[in-house]
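Peer 1: My structure is below; once you've seen it, I'll send some questions.
We did not get these values from a lab; they are worked out from the coordinates using the rules stated. Note that the coordinates shown come from a computational prediction; the quantities given were computed from them, not determined experimentally. A quick note on method: Cβ atoms are made from the backbone with ideal geometry, for glycine too, and the neighbour counts reach across all protein chains shown.
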Amino acid sequence: MRQPLVIVAFETRDALMHAAADRAADVLQAAISARGSACAALSGGSTPEQAYALLAKAPLDWSKVTFALVDERCVPLDDPASNEAMLRRALAPALGNGATLIAMYAQGAANPVAEANRAHENLHIDVALMGMGADAHTASWFPAARGLSAALDPASTRTVVAVDAPQAAGASARLTLTRAAIGRAEHVVLLITGDEKRARLERALGEAETDAPVAALFDEAMAPVEVLWAL
Ligand code: 6PG
């Protein structure tokens, strides 16, 4: 069974970015108060950078916060497609105040997937901030990608898997958190912009996960997805 789709719409992209940053900051603050530490898993791509830059200016005790990536393109850090590089740039104020960022792609490692699983062992995700592409992918769960079924296996014991998606922007070779890992997140926020993505998401909820992998986020077993949208 799937969750119903509830879209919270904002007047402007600026308002959307502020809302996403505020939501993440609130969840992180609540986790710090409750557990003494907090973790946000953040998507790459071009849409969320402004939200991350706003989040990084929030008055949190950043020494208690860990950031992880939802997915990564297997490229060096100086490649413009690197999600880690984007996060390091946008989150600089938080990282400068003691936040930790767990890299997903260990360039040069003998086995980057095993390395990523080790690095993400026991990760407790308070909030996963997801994006979506016009082909209905989220994270690096791309339709028809090699590795998609492992990524979408609800019973997977792996936190990170490798995916190869020839159509993916930036790099076809990807590492991604699994559906099982995102399924353990306390909160899931999906940030999208534009009419095309909104219409694609609305259709996706009636499609198979192999055709529209973003639908897997709406599995009833997952945390309720908070969809934030602006034109
Ligand atoms: C990635 C992502 C990916 C992203 C969507 C949307 O590394 O490509 O994490 O899942 O969220 O592709 O990307 P845009 O914001 O660039 O449209």
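Peer 1: Among residues belonging to segment 100-139 that are among the acidic types (Asp, Glu), assigned to a loop (DSSP other than H, G, I, E, B) and away from the ligand (no atom under 12 Å from the Cβ), point out the one that is surrounded by the most Cβ atoms within 10 Å (Cβ to Cβ).
Peer 2: 126
Peer 1: Could you tell me which residue of segment 56-78 is farthest from residue 164 (Cα to Cα), considering only residues that are over 15 Å from the mean Cα position of the chain (by Cα) and within 12 Å of the ligand (Cβ to nearest atom)?
Peer 2: Here the answer is 75.
Peer 1: Please enumerate the residues belonging to segment 175-231 that are in contact with a strand residue (DSSP E or B) (Cβ under 8 Å, 6 or more places away or on another chain), within 23 Å of residue 13 (Cα to Cα) and free of Cβ contacts under 8 Å to residues at least 60 places away in the same chain.
Peer 2: Answer for segment 175-231, where residues must be in contact with a strand residue (DSSP E or B) (Cβ under 8 Å, 6 or more places away or on another chain), within 23 Å of residue 13 (Cα to Cα) and free of Cβ contacts under 8 Å to residues at least 60 places away in the same chain: there is none.
Peer 1: Next up: Tell me which strands (runs of 3 or more DSSP E) are completely within segment 140-231 and hold 1 or more residues being among the acidic types (Asp, Glu) and either away from the ligand (no atom under 15 Å from the Cβ) or surrounded by fewer than 18 Cβ atoms within 10 Å (Cβ to Cβ) (or both), or say none if there are none.
Peer 2: 160-164, 225-230
Peer 1: Would segment 41-54 turn up any residue that is surrounded by fewer than 21 Cβ atoms within 10 Å (Cβ to Cβ), more than 24 Å from residue 77 (Cα to Cα) and touching a helix residue (DSSP H, G or I) at 6+ places or on another chain (Cβ under 6 Å)?
Peer 2: No, the conditions are met nowhere in segment 41-54.
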